[in-house]
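In what follows, a structure is listed as structure tokens, so that the remarks can point back to it.
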Amino acid sequence: MTVDMEKFRRDAHRIEKWSIGWMLLSLAMWGWFGYRWLMDDDRGYGMFGRYAEDSHTLVGILALAVIPTITGATTIVYSQVLFRLARQTKPEAK
């Protein structure tokens, strides 16, 4: 079984572009979470007021921000593995 070094490089570049997109989405969502968290008026309405709704919204934004963060991190690691595999493979003998 021969391994195509160029295929590894092409795949690594493609995956790296996707990881940049995921990281940009992740940064935008973390920024949204930070904005909502810092702009929250801390009046302490109790469990039945507006404060409880805002805290549920913040937890939801935080949960949504974790998904592209993990996806971005795994795609970066995967692209780096492909780059290393491309460097370690020997060219095909023709």
Segment residue 25-residue 6, extension gain: residue separation times 0.36 nm, minus the distance between their alpha carbons: 3.9 nm
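What is the sum of charges, Lys and Arg at +1 and Asp and Glu at -1, for the other residues whose Cβ falls under 11 Å from the Cβ of residue 12?
Neighbourhood net charge equals +4.
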For labels at residue 35 and residue 18 in the simple 7 Å Cα→Cβ model, what's the distance in nm? 2.8
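Each value in this text was obtained by applying a stated rule to the coordinates, not by laboratory testing. The model shown is predicted, which means the values in this text are computed figures rather than measured ones. Neighbour counts are summed over all protein chains in view; Cβ atoms, including those assigned to glycine, are modelled from backbone coordinates with ideal geometry.
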